[in-house]
Structures are given as structure tokens and as C-alpha cells.
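A short write-up of the structure that comes next.
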Amino acid sequence: MPAEVLSPRALNRALLSRQLLLDRPHLPDETDGRRAAVISAIEHLVGLQAQAPFPPYYGLWSRLGGFRPEDLGSLITDRSVVRIALMRGTIHLVSARDCLPLRRQLQPVLERGLRGTFGRQLAGVDPVALAAAGRELVESAPMTFSQLGAALTERWPDHPPAALAQGVRALVPLVQVPPRAVWGRAGQARHTSAEHWLGQPDHGAGRPESLAELVRRYLAAFGPATVRDVAAWSGLTGLRPVLDELRPSLVTFRDEQGTELFDLPSAPRPGGDASAPVRLVAEFDNLLLSHADRSRVVSTENLKRFYTINGIFPGSVLIDGFVAGLWRLARNSGSATLTIELFGPEQDLDPVVGEAERMLAFCAADASGHIRFAAIG
């Protein structure tokens, strides 16, 4: 029988459901339950993109009812979650038990990026020796990349310090240590090895490490999806054999262009008529970055708007499940202004204002909050 065709709305609702953006689960009141639920959400999402320190807080706020900044800040300080370069070579926030298994799976992405960007500058440098020297330095004391590069030039004086530091980033699983990315605190990005920070080389033993399991986890959080979608999310290549290996345990569909989509049989697919509440999605959120074809959540025309604002990928406004605007928060002494730019002229503002007020209560409870509708430049 021909595969069922999924409409863009059906794909949208499936994605929102997997991303915890359709029905927002509420965190329990007691501390241990909250911690477990936040970690479970992070693991279900296979991490949150965290190239800037604070978007993961907004990413979890948009997905978990009752989420508070300290729910994540405490997990960072007690080493239950970490920030490390993973998918697409970008920094992600992941659980401690996912950290090293995911890094081992995605190591080829980091090494390919290193060769493409710094290969010539590192010509003649033994990668094994560079990794060992870098590991020794950052495990003696966490370092910024500037400090690390300067220290490495003592051994490799003919190579740029920035290239040497980035070589270590690609070859050694480096995590950024607090107070970086702890809500209400500031700090430079200082790094040590994940093994050193987590206290044992095999932290995460027992977690699945096969590429097949990584693909299954992607489908659970982002499916139904094509082979190209999995590659766009992970940065890995050569995934067609993995999907073919998994095919007997998956279900397949087609999109309206006839492209094959893979999915887990029991994963939720609510249907295109399911209601989708207004959501304010974080800057750099993987919701918008994890498919080769992003039309299931944002039109091609609207996607272009994200790449014209000073190199910053802003927060997005979802109305009826699709990106219908941008948001940006600005804070100064005693006040916070949430600016919202909507793309369509005929929007019901009440649900948007309600979600905006909820955001200000989350992130600026100690400030005078203001909501304004204007262009974001």
C-alpha cells in the first residue's frame, strides 16, 4: 500500500507534541520530582541548543509549566547538566549521563569542522599530542579559550593560539563551568574536560551509544523526519544505511512532495486539526534548527527574517503552531521590555499578550515589565 501522506499541519502538530509545546506538562511541587522532570525533559529533547548562556532557561520555560530559573541553575551548579559542543558542532545543554555518550557519537562532526576551519593553521601539529596537552591544562584549572591558546603556544609557537584552542575543543570533550550560564550570575566561558568535571571517565555508562539509537531519539523528539532532517540536526553524514537498518522497526509516511518520512510507531501524531496554543519559543531554539525542511514550523519567507538581525537568531512567536513573529527582551535598571514583532496584520493579540505577561513574570518578576508591539531591528 502507498504510504500515508502527512500534510504540513500534521507534521507541525507532531513536532509540537514531541517538543512539549502542544500540551505543556506541569512540574511537580516537591524538589526531587522537579529535578527529575527537568532532567527528563532535557534528555527527551536530546539537549537544548545553548550557544548563548540563557536561551535554555526560556526553552524549558516554554515547555514546562511552573518552571523557575533555579530549576535549571541548580542542575548546572551541582553538575547534573552541562554545556558542551555536540550537534552541528554547537554548544548544547545536556544531562550529565548523556554528555559523554552523545559526544562519542558526534565526535566526527567536531573533527570534520576542525579540519574545515583550522586544518591549514594546525598543519604539522600532532592531534594526539595537542589533545593530551590541552587536557592537562584545563584539568589543572578551568581556562578560557584565550588562556588555553596562549598556554599552548609555548609548545607550538608557530601556530595561532585560537586555532590551537579550537583544536582542543574539537578533540577533547570540554564543558563550560559555572558561574557561566547560571541565572542571575555572570562569568567568562571557562572550560575543563567533561571527564574531569563529571568525576569519572565512563560517566553515563549504560546509555545507548549506537547511531541507530541516536536516530531513534531524534525521531522521538523531532519526527516524523527524512534522512536529510536527521543529518541537518546532528551534522552527521552517511545516515541512510542507519535508517535502512531501522526500517523494520519504524513506520514510514510521505510529505506532500513525496519525500519519505520515518517515525517511531508509538510516537504521537495528533493530526493537523489539533489545537496549538500561542508559545514564545527561545532564541536559537532547536525547534527551528533541526530539520532540512523547516516549513513544518516556519515559512521560507519568514525564516529569512531570522538571519537579518545582527547575527542573532531571535526568539519566535508561534500562533496556531507556526512562526508568526519574533520577540526580544531588553532589561535595564529596574525595568524589562518585551518587544514583539508580528508578521501578519490581522492577529488576535490577547493570547500573545497573555503569554508575554507569563514570560515577564518568569524572567523579570523583580522589575517593571512592559510589552510593546514593534519591529525588531
Looking at 147, 223, 191, which one has the Cα that reaches farthest to the positive end of the dipole of the range 140-238 (charges on Cβ: Lys, Arg +1; Asp, Glu -1)?
-> 223
What does the helix-only formula give at 222 nm for the chain: each DSSP H stretch with n ≥ 4 adding -39500 (n - 2.57), the total divided by the residues, and the result rounded to the nearest 500 deg cm²/dmol?
-> -12000 deg cm²/dmol
Considering only 84, 22, 38, whose Cα is most displaced toward the positive end of the charge dipole of the range 1-97, charges sitting on Cβ of Lys, Arg (+1) and Asp, Glu (-1)?
-> 84
For residue 254, enumerate residues with amide H under 5 Å from its amide H, sequence gap 5+ or separate chain, H modeled in the peptide plane.
-> 4, 5, 6, 261
Distance in nm between label sites at residue 357 and residue 52, each 7 Å beyond Cα in the beta-carbon direction?
-> 2.6
Which sequence of 120, 254 reflects their accessible areas, 1.4 Å probe, from the largest down?
-> 120, 254
So residue 244 and residue 331, fully extended at 0.36 nm per residue minus their Cα-Cα distance, gain in nm 26.4 nm
Whole-number percent relative contact order across the chain, with pairs defined as alpha carbons under 8 Å at least 6 apart = 19
Over all distinct Cα pairs, what is the inverse of the mean 1/r for the range 219-360, reported as the Kirkwood hydrodynamic radius in Å?
-> 17.1
Computed over the Cα atoms of the range 1-118, what is the ratio Rg over Rh, Rh following Kirkwood?
-> 1.05
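Hull surface divided by four, with the convex hull built on the Cα atoms of the range 48-104: how many nm²?
Result: 3.8 nm².
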About its Cα centre, what dipole magnitude does the chain give when the only charges are +1 on Lys and Arg Cβ and -1 on Asp and Glu Cβ, stated in debye to the nearest 20?
-> 620
Along the dipole axis of the chain (charges at Cβ: +1 for Lys and Arg, -1 for Asp and Glu; origin at the Cα centre), the most positive-end residue among 249, 106, 315 is 106
Can you tell me how much longer the chain between residue 376 and residue 78 gets when fully stretched, taken as 0.36 nm per residue apart minus their C-alpha distance, in nm with one decimal?
-> 103.6 nm
Kirkwood hydrodynamic radius for the range 107-254: how many Å is it when counted over pairs of different Cα atoms?
-> 17.7
Cα centroid separation - the range 59-84 against the range 1-46, whole Å = 16
In this structure, the FRET efficiency calculated for residue 26 and residue 70 from their beta-carbon separation, with R0 = 22 Å, to the nearest 0.05, is 0.85
What does the range 66-171 give for Rg and for Dmax, in Å, if only its C-alpha atoms count?
-> 15.4, 53
Note the full-extension length gain between residue 36 and residue 131 as 0.36 nm times their separation in residues minus their Cα-Cα distance, in nm to one decimal.
-> 30.8 nm
Under Stokes-Einstein, the range 304-377 at 37 °C and 0.692 mPa s, with its Kirkwood radius over C-alpha pairs, diffuses with a coefficient in µm²/s of 255
Once normalised by the length of the range 45-173, the mean sequence separation of its alpha carbon contacts under 8 Å that are 6 or more apart gives a contact order in percent of 21
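Kindly give the semi-axes, whole Å and largest first, of the ellipsoid equivalent to the chain, taking each as the square root of 5 times a Cα gyration tensor eigenvalue.
Whole-Å semi-axes of the equivalent ellipsoid: 34, 27, 20.
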In this structure, the FRET efficiency calculated for residue 146 and residue 90 from their beta-carbon separation, with R0 = 22 Å, to the nearest 0.05, is 0.65
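The values are calculated or read from the model by the stated rules, or taken from the named source; none is laboratory data. Owing to the predicted nature of the structure, the values given are computational and were not obtained by experimental measurement. Glycine gets a Cβ as well: all are built from the backbone with ideal geometry, and neighbour counts include every protein chain shown. Each accessible area value is taken on the protein alone, full model and side chains, heavy atoms only, with ligands, DNA and RNA left out. Shrake-Rupley method; radii C 1.70, N 1.55, O 1.52, S 1.80 Å.
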